[in-house]
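Following: one structure in structure tokens, then a few remarks.
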Amino acid sequence: MKGSITLANGTSFAGDWLGDHQYCSGEVVFYTGMTGYEQVLTDPSYQGQIVVFSYPFIGNYGFMPESMESAQIQVSGVIMADCYPFQLEGEQHSLTAYLNHHQIPALTNVDTRALIQQIRKKGSVPAVLHASTIPSDSFQLQECWPKTALQKFGTGKTHIVLIDFGYKKSIADSLIDQGCTVTVVPFDYETAEIEKLNPDGFVFSNGAGDPMRFSKYFSRYKNIAVRYPVLGICLGHQILALAFGGETMKLKFGHRGANHPVMNVKTGKVSMSSQNHSYVVKKESLHSTGFNIWFENVNDKSVEGLWHSQYDISSVQFHPEAAPGPQEHAQIFQDFIQTVKHKEKVRSYA
């Protein structure tokens with residue numbers, strides 16, 4: 001069966017339809033990594049988006065549930081140039097079967113190169129993936145809000161509270177690997193309830209959408225950040241900057257992939273990073289916030305990391321846990337936990 005993706009500007013690209021579900025809508029974005037489609041499809045940062053994979057052949061190693069970054073597929077739809085069509089041996093699901101089971105429509109045999117060029121030229125826009133008629137309200141994007149109950153993982157001595165804006169499982173796993181107990185709390189969890197958890201430090205997670213939609217909680221987040229060691233990741237990085245008076249803006253088509261070069265401004269060292277975001281912190285808005293630039297994007301010079309001159313706050317726009325992507329920034333978790341442990345010692349002698 002044939003299908004199409006139609007962008008809000010009227011441009012359409014045809015392909016072969018996969019799955020029983022006949023329609024979906026969302027912002028169309030593209031991912032440049034060669035591997036990691038399991039993690040991409042289940043990353044809450046992609047919630048509600050239609051993802052175009054730039055690599056020409058997807059699905060050749062199946063879909064393993066243990067590789068998922070959340071309990072479900074988060075994207076609205078998937079577009080590929082070619083998809084592995086056969087059932088895999090053993091317990092692996094085929095990608096097409098897994099998408100169909102979860103009612104996620106997909107389009108293959110699409111000219112993804114031309115589609116991505118259109119996105120790069122016109123920007124990320126609302127789009128419809130369809131095998132039939134397009135409903136009249138198709139291009140109205142819906143805001144996606146994380147819905148997480150209180151969760152606890154690990155048994156380590158250091159207690160980290162992970163504020164959930166749409167967190168990846170790999171972030172919690174990375175903290176557990178550092179000997180932490182991790183308690184995940186909803187983004188709107190009351191400060192008094194958080195205090196009862198006796199946290200040693202906080203991680204502000206990644207997530208989907210515009211960080212300004214959390215503005216009613218900025219004073220709460222700032223109150224936490226001035227009293228505890230804090231690490232912000234992706235959306236969490238943006239929210240921390242906003243809470244201290246910074247500003248953000250939306251990029252034309254965002255950064256999504258496992259091969260984005262960033263430079264550590266302190267050392268001059270360039271490393272590769274895994275990224276997935278549409279918004280960035282405005283460099284010129286940081287002057288009165290107390291934040292200093294830690295990392296910078298090599299390609300477009302956008303802000304990729306911050307550290308605070310007065311408080312134990314650090315943040316990165318990229319994903320130090322990778323999954324998928326390079327492991328060059330695992331040290332960020334190690335350094336953060338060392339800061340937390342040092343603060344614990346200071347408190348114990350106070």
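The values are calculated or read from the model by the stated rules, or taken from the named source; none is laboratory data. What you see is a predicted model, and the numbers here were worked out from it, not measured in a lab. Ideal geometry is used to build each Cβ from the backbone, glycine not excepted, and the neighbour counts take in all protein chains shown. Please note that ligands, DNA and RNA were not included when accessible areas were found on the heavy atoms of the full protein model with its side chains. Shrake-Rupley method; radii C 1.70, N 1.55, O 1.52, S 1.80 Å.
The table that follows gives values for the structure above.
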quantity	calculated
Estimated distance in nm for a label pair at LEU251 and GLN72, the labels positioned 7 Å out from Cα along Cα-to-Cβ	2.8
Note, ³J(HN,Hα) from phi for the stretch 92-108, Karplus 6.51, -1.76, 1.60, rounded to Hz, x at Gly and Pro	6, 7, 6, 4, 5, 5, 5, 4, 5, 4, 9, 6, 9, x, 9, 10, 10
Accessible-area composition of the stretch 69-138, carbon plus sulfur, in percent [1.4 Å probe]	44
Charge tally in the Cβ shell below 10 Å around GLU296, where Lys, Arg are +1 and Asp, Glu are -1, GLU296 excluded	0
Listed residues PHE165, PHE253 arranged by accessible area, highest first, probe 1.4 Å	PHE253, PHE165
Protein accessible area in the stretch 189-289, 1.4 Å probe - carbon and sulfur %	51
Heavy-atom accessible area order for GLU69, GLU195, GLU328, GLU296, largest first, 1.4 Å probe	GLU328, GLU195, GLU296, GLU69
Unit charges on C-beta of K, R, D, E only; dipole of the stretch 250-350, Debye	160
FRET efficiency estimate (nearest 0.05) - Cβ-Cβ, LYS147 to SER309, R0 30 angstrom	0.25
Extended-chain gain in nm, criterion 0.36 nm per residue less alpha-carbon gap, SER215 and ARG227	2.3 nm
Cα long-axis angle, helix 112-122 against the chain (0 to 90 degrees, to the nearest 10)	60
Calculated diffusion of the stretch 80-121, Stokes-Einstein form, Kirkwood radius summed over Cα pairs, 10 °C and 1.306 mPa s, µm²/s	133
Over the chain: helical MRE at 222 nm, DSSP H runs n ≥ 4 each giving -39500 (n - 2.57), nearest 500	-6000 deg cm²/dmol
Between the stretch 70-148 and the stretch 244-271, the alpha-carbon center distance in angstrom	26
Relative contact order of the chain, pairs being alpha-carbon contacts under 8 Å that are 6 or more residues apart, as %	15
Accessible area expressed per residue, the stretch 252-302, with surrounding protein chains retained (probe 1.4 Å, Å²)	45
Solution diffusion estimate, µm²/s, Stokes-Einstein, the stretch 221-285, Kirkwood Rh from C-alpha pairs, 25 °C, viscosity 0.890 mPa s	185
Spin-label proximity, ARG120 to the stretch 1-33 - amide N less than 15 Å from point 7 Å beyond Cα toward beta carbon	29-33
Net lengthening on full extension, ASN292/MET64 (0.36 nm per residue, minus Cα-Cα)	78.0 nm
Relative contact order (%) - the stretch 260-318, alpha-carbon pairs under 8 angstrom, separation at least six	32
ALA330 paired with VAL270, simple spin-label distance in nm, labels 7 Å along Cα-to-beta-carbon	2.4
Cβ-placed point charges (K, R +1; D, E -1), dipole of the chain about Cα centre in debye, nearest 20	1020
